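The values are calculated or read from the model by the stated rules, or taken from the named source; none is laboratory data. Nothing here was measured: the structure is a model prediction, and the numbers come from that model. Backbone-built Cβ (ideal geometry, glycine too); neighbour counts: all protein chains shown. These accessible areas exclude ligands, DNA and RNA; they are computed on the full protein's heavy atoms, side chains included. Shrake-Rupley method; radii C 1.70, N 1.55, O 1.52, S 1.80 Å.
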Amino acid sequence: IEVNYLPSFAGKYVVNISVSGNNVCHLEPIIVDDDAAVSLSQDPASIKNNYVFPTEKMRPLDKGKQPVVLLACGSFSPITFMHLRLFEIAKDHFEVLTKNSQVVGAYVSPVSDSYQKKGLAPADHRIQMLRLALESSDWIMLDEWEIQQEGYTTTIKVIEHMIKELNPKFPGVKVYLLCGSDLLETFNVPNVWAEEDMEKICGHGIACLERVGSNTYDTIFSNDILWRNQSNVQIMKQYISNDISSTKIRNMVKRGQSIKYLIPDPVIEY
């Protein structure tokens, strides 16, 4: 982003902004005051340095409980009710079915633009949609660390970043990678995951939602790493089928079909 501003009148500036990349966009000149001119001319790198790990929705830990944090990585282009339901199902699983664990918080970590996946909306739009979608949750937070990275960040690096940030307040915290069975099945696809990364991810923990038509136990049985670490793989049942996906949402929008009640209203409006 290139910003040029010229003194105009009474402390005002005429600002010319151009954005270059795959496409070049020249915005119409605008008039701002001194403070805004300084803000616009700020180096983007210094903005990234202002990153603060979010903890405002963290819950206090009950005595004698194992702190658990849920982490969902992905594109979220856009976020859907299926993504949000995944968190709620996992919280019930850990707090109802595993009596000694307590979910103290959860995070959504969207990939950066360098992932270059087909249908991936620009980072700033995905961030805004996630913020809007998470306003209704009192325990799920958006972590912007991964999306601010210049290159592609592996999942294990995101998990390790999360543990580093959480350990001071919740020593021994377990960060579970939250996913659907379709992601777990990719562990059996050659060259998708590094074996070292799979070992580390399984060592921390995976919370996997078994989807209709999949057999997660077969997936685990077919993979040596998953089999060795199966005690760290929590399989969650889906009692009410939900097959909403971001890809289907994008296709429905392209075809002019309603997406009401499939994603949050504020995201639809955005």
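For this structure, a couple of remarks:
- In the complete set of protein chains, residue-level accessible area for residue 227 is approximately 120 Å², probe 1.4 angstrom.
- Carbon and sulfur %, accessible surface of the range 43-132 computed with the full protein complex present, 1.4 Å: 54 percent
- In this calculation the C-beta distance from residue 167 to residue 136 is compared with R0 = 30 Å, giving a FRET efficiency of 0.55.
- Viscosity 0.692 mPa s, temperature 37 °C, Stokes-Einstein D of the range 56-174 from Kirkwood C-alpha radius, µm²/s: 219 µm²/s
- Normalised by the number of residues in the range 144-233, the average gap of Cα pairs under 8 Å and 6 or more apart makes the relative contact order 28 percent.
- With all protein chains kept in place, the per residue accessible area of the range 53-205 amounts to 46 square angstrom at a probe of 1.4 angstrom.
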